[in-house]
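*Asks:* What follows is a single structure, and I will ask about it in a moment.
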Amino acid sequence: MTSDRAYWLAWSTLTGIGPILLLRLQRHFGTLAAAWEAPATALGEVDGFGRQTCDSILRERSHLDPAELLATHCEQNPNFWTPADPDYPRLLLEIPDPPPVLYYRGQVNPQENQGILPAIALVGTRSPSDYGRRWTQRLTQALTEGGWTIVSGLADGIDTLAHKTCLEAGGRTVAVVGTGVDIVYPSSNRTLAQRILDQGLILSEYPAGTKPDRAHFPRRNRIIAGLSRATLVLEAPSRSGALITARLANDCGRDVYALPGSLDNERSLGCLELLNQGAQVVLGEADLLERLGSLPSFLPAPVEQLSLLPPPSLTPDLEKIFNAMSLEAIALDGIVQTTGLATGLVLGSLTQLEMMGLVTQLPGSRYQRC
């Protein structure tokens, strides 16, 4: 039997099929394996799949065997996760467009991938001022000593400082790159990249050998934000990739922090804009750690039982399925086993609950309450 990860990989290779369309396919058909066998008429029922897209899928799909593709791909890129894999970072599954394939090099920490160990993104300008450099080092040092994993993008400036300071403090850092994990950009960070491999992890949604491309770097920012419980912008001008990361973090419901700076410093204007839009101000190391919560056992706050009560208008079957779920993701098989209802009935009911805004589907045929 062909594994689910083979279908995540196969679909991701088809022209015009990105993360969002992949999620729509999975939600519509239940599994990507079922979607792979679907005729053009069925594919056309999925939002975003027009005639031209469906024709392209059928043409390319006829020349692909997912199992063979997986075997070949593993020879060239042995270290990667798909949303079907248990080690796929849990927090990434919460963003609207998780990468269907995530490549890695370095030291994998399963607790980190499960969201048990907290991670925070530190981002900012490639040309920081002395003020920005000083506070990047101070805050990174404090966060590292407090048990946080530091996530950044291996770019010049703030990113490099955050990675280096974390490593020097004996901490763990994750670099998300816009190239293949085997290529270091900028090349001046080769030594730093090797240190990260020894003490942390390098991640990318691009396969080995992928060279730098301007379009890749804004897209990797969603992964930086998605891996992290919070994002801290240290210093950034008004037009900065760091602000994209902050916006994406906010869209995912994650906390955004910004270091205040001077109006006379062009490299602080982006942070000031974030603060004006509601980002939390950083007033020092102790203040930041207090706002982030106790460490290292930082976990989401417990949900009050009242918020889990089912709406009164649900039918008995819908209520039974809703009661079998929580804010933690649960597999379709688990819902079927808990409720004792037929799989087809459960799938149809989950679709109704999703349309009512009560349930959301995650990759890997998993569901959770909204």
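The values are calculated or read from the model by the stated rules, or taken from the named source; none is laboratory data. All of these numbers come straight from a predicted model, not from anything done at the bench. Note: ideal-geometry Cβ built from the backbone for every residue, glycine included; neighbour counts use all protein chains shown.
*Asks:* Working carefully through the options Thr41, Thr53, Thr31, Thr15, find the one that is in contact with a Ser or Thr (Cβ under 8 Å, 6 or more places away or on another chain), over 17 Å from Pro83 (Cα atoms) and polar (S, T, N, Q).
*Replies:* Of the residues listed, the single one that is in contact with a Ser or Thr (Cβ under 8 Å, 6 or more places away or on another chain), over 17 Å from Pro83 (Cα atoms) and polar (S, T, N, Q) is Thr15.
*Asks:* Just to be sure, is Asp264 more than 20 Å from Leu102 (Cβ to Cβ), acidic (Asp, Glu) and modelled with pLDDT under 95?
*Replies:* Judged against the criteria, Asp264 is a match.
*Asks:* Check whether at least one residue in the range 325-332 is buried (at least 16 other Cβ atoms within 10 Å of the Cβ), modelled with pLDDT of 80 or more and either out of contact with any Gly (no Cβ under 8 Å at 6 or more places or on another chain) or not in a helix (DSSP H, G or I) (or both), and report yes or no.
*Replies:* yes
*Asks:* Let me ask something additional. Does the range 187-205 contain any residue that is among the hydrophobic types (A, V, I, L, M, F, W, C) and modelled with pLDDT under 95?
*Replies:* Looking for residues that are among the hydrophobic types (A, V, I, L, M, F, W, C) and modelled with pLDDT under 95, one finds none in the range 187-205, hence no.
*Asks:* I'd like to know if the range 82-99 contains one or more residues that are among the polar types (S, T, N, Q) and assigned to a helix (DSSP H, G or I).
*Replies:* Looking for residues that are among the polar types (S, T, N, Q) and assigned to a helix (DSSP H, G or I), one finds none in the range 82-99, hence no.
*Asks:* Got a sec? Which of Gly16, Gly44 is exposed (fewer than 15 other Cβ atoms within 10 Å of the Cβ), in contact with a Lys or Arg (Cβ under 8 Å, 6 or more places away or on another chain) and either closer than 30 Å to Pro118 by Cα or not assigned by TED's automatic domain parsing to the domain that holds Arg222 (or both)?
*Replies:* Gly44
*Asks:* Would you mind finding the one in Gly147, Gly157, Gly170 that is surrounded by fewer than 21 Cβ atoms within 10 Å (Cβ to Cβ), in contact with a Pro (Cβ under 6 Å, 6 or more places away or on another chain) and not charged (D, E, K, R)?
*Replies:* Unique residue meeting the criteria: Gly147.
*Asks:* On the basis of being surrounded by 21 or more Cβ atoms within 10 Å (Cβ to Cβ) and touching a Leu at 6+ places or on another chain (Cβ under 7 Å), does Gly115 make the cut?
*Replies:* The answer is no for Gly115.
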